[in-house]
Every structure is written in structure tokens, then in C-alpha cells.
Amino acid sequence: MLLYDSAVSGNCYKVRLLLAQLSLSYERREVDVIDRSNRAELLAGLNPALRVPTLVLDDGRSLAESNAILWHFARGTLYLPRDPFEQTKVLQWLFFEQYSHEPYIAVLRFWLAVAKLTPSGEEVEAKHKGGEAALDALERELELRPYLVGDAYTIADIALYAYTHVAGEAGFDLSARPATRAWLERVKSQPRHVPITD
Ligand SMILES: N[C@@H](CCC(=O)N[C@@H](CS)C(=O)NCC(=O)O)C(=O)O
């Protein structure tokens with residue numbers, strides 16, 4: 001398999017983490033997420049959104065959207081519960097991540113820590129407010145359970161871990177969120193865990 005990847009991207013990291021935990025091998029092609037000039041050349045025909053992660057399977061078919069890729073590989077493994085209700089709970093968190101978490105925390109991190117842009121105070125404030133709300137939601141859930149779905153580690157945890165563990169790079173403070181910090185440690189201690197920098 002070939003992963004069109006970015007070392008700094010949490011969305012790409014989700015895929016790298018699950019593939020590592022499943023001991024699946026693949027090649028990586030680094031794509032510049034700031035200079036987008038060769039994007040169409042690289043990804044047209046593979047991902048209509050021209051973004052990473054984009055994964056090309058061994059048979060040539062391609063998959064995009066980080067959480068869809070997680071779902072594809074988690075099916076039939078420990079990382080997706082068998083119970084249909086719990087599977088839907090996993091989807092609940094994957095959609096939450098893409099609508100209520102990633103657009104705030106990942107985007108603010110990209111602006112400040114990756115592209116080193118200088119957004120206006122209002123733009124930062126709006127992203128910060130949305131990110132805080134997402135982190136509050138996570139903390140509320142993790143006060144009740146060790147992992148996001150059921151009592152085991154799943155791709156819901158991978159999806160939310162990706163940008164929560166680097167939220168500090170976007171100026172978010174997790175110190176008053178003990179349940180989230182304990183969960184980050186539990187995720188980190190899973191077998192075959194790899195860091196985002198790997
Ligand atoms: N919803 C997509 C988001 C993908 C995305 O935004 N990828 C970023 C890197 S994290 C990217 O390709 N940025 C460069 C660009 O938009 O051209 C996913 O979860 O895979």
C-alpha cells in the first residue's frame with residue numbers, strides 16, 4: 001500500500017497509528033501541506049478533495065478521509081467493537097471529531113504551529129472557543145469511562161487522540177482536564193503505539 005502522508009498532520013497520524021497497531025506495512029510519500037502546487041498532479045484520480053491522508057491499496061483502489069480509512073482497516077479487528085450499537089457509538093465519535101473537534105483544534109494548530117501564520121485575534125478566539133467546547137465534551141465522557149466506547153480502546157480513541165494530544169501546540173491547556181490526561185496516557189500505552197513524530 002502507498003500512503004500519501006504528511007508527518008505533521010494528525011489526520012495522517014491516525015492512519016499511521018492504526019496501521020502500526022495492525023502491523024500492516026506500507027510505503028509513505030510525504031506531501032507538503034503548505035505548498036499545494038503539485039497537489040493535483042499527485043492526488044487527482046485518487047482523492048477528489050486532493051488532501052492527505054490518501055491511501056492507495058495494493059489493488060490500485062484508493063481511499064480518502066482519515067476516519068473512513070480507520071473504519072476500513074478496523075473492521076473485523078479488536079479496534080472496532082462487534083456489537084452494532086457500539087459500532088454506531090464509534091461512528092458518533094468519528095463524526096464528532098470531524099465536525100466539532102478537528103475544524104477548531106487542528107486548524108488552529110496548523111495556523112500557529114505548522115504554517116506559522118498570523119491569524120487575527122478574532123479568528124484565534126473563534127477557533128479557541130470551538131476547541132474548548134470539544135475538549136469539554138471529551139472530558140465529560142472520559143470522566144465516565146476509560147475509553148470513548150465501551151471499555152476498550154477503539155478507532156474512536158485513535159481519531160480523538162490524534163489532535164487532542166497535540167492540542168497544546170495550538171494553545172489549549174489540558175491541565176484542568178484530568179480525565180483526558182489519564183486517557184491520553186492509556187492510549188499511549190497501547191501495544192505497538194507509535195508517536196506522531198515516528
Ligand atoms: N477530513 C479530511 C481532512 C484532510 C485534511 O484536511 N488534510 C490536510 C492535512 S491534515 C491537508 O491535506 N491539507 C492540505 C490541503 O488542504 O491542501 C480527513 O480527515 O482526512
From the list Ala64, Ala44, Ala74, which residue is open to solvent by 30 Å² or more (accessible area, probe 1.4 Å) and either in contact with a strand residue (DSSP E or B) (Cβ under 9 Å, 6 or more places away or on another chain) or over 25 Å from Ala113 (Cα atoms) (or both)? Ala44
Only unsatisfied item for Ser9, checking (1) out of contact with any strand residue (DSSP E or B) (no Cβ under 9 Å at 6 or more places or on another chain); (2) surrounded by 14 or more Cβ atoms within 10 Å (Cβ to Cβ); (3) over 17 Å from Thr164 (Cα atoms), is (3)
Any residue that is within 21 Å of Pro178 (Cβ to Cβ) and among the aromatic types (Phe, Trp, Tyr) - is there at least one of those in the range 144-154? yes
Output for the range 142-176, where each listed residue is closer than 17 Å to Phe96 by Cβ and open to solvent by 20 Å² or more (accessible area, probe 1.4 Å): Glu143, Leu144, Arg145, Tyr147, Gly150, His165
Could you count how many residues in the range 113-137 are in contact (Cβ under 8 Å) with a residue 40 or more places away in the chain and within 16 Å of the ligand (Cβ to nearest atom)? 5
For the range 163-187, how many residues are hydrophobic (A, V, I, L, M, F, W, C) and more than 16 Å from Ala137 (Cβ to Cβ)? 4
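Taking Leu117 as the residue in question, decide whether it is in contact with a helix residue (DSSP H, G or I) (Cβ under 7 Å, 6 or more places away or on another chain), open to solvent by 50 Å² or more (accessible area, probe 1.4 Å) and assigned to a loop (DSSP other than H, G, I, E, B).
Spelling it out, Leu117 is indeed in contact with a helix residue (DSSP H, G or I) (Cβ under 7 Å, 6 or more places away or on another chain), open to solvent by 50 Å² or more (accessible area, probe 1.4 Å) and assigned to a loop (DSSP other than H, G, I, E, B).
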Of the conditions (1) under 14 Å from the mean Cα position of the chain (by Cα); (2) at positive phi, Gly45 clears all except one; give me its number. (1)
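The values are calculated or read from the model by the stated rules, or taken from the named source; none is laboratory data. Computed from a prediction, not measured in an experiment: that's the story for all the values here. Cβ coordinates were reconstructed from backbone atoms using ideal geometry, including for glycine residues, and neighbour counts include every protein chain displayed. Ligands, DNA and RNA are stripped out before the accessible areas are found, and what is left, the full protein with its side chains, is counted by its heavy atoms. Shrake-Rupley method; radii C 1.70, N 1.55, O 1.52, S 1.80 Å.
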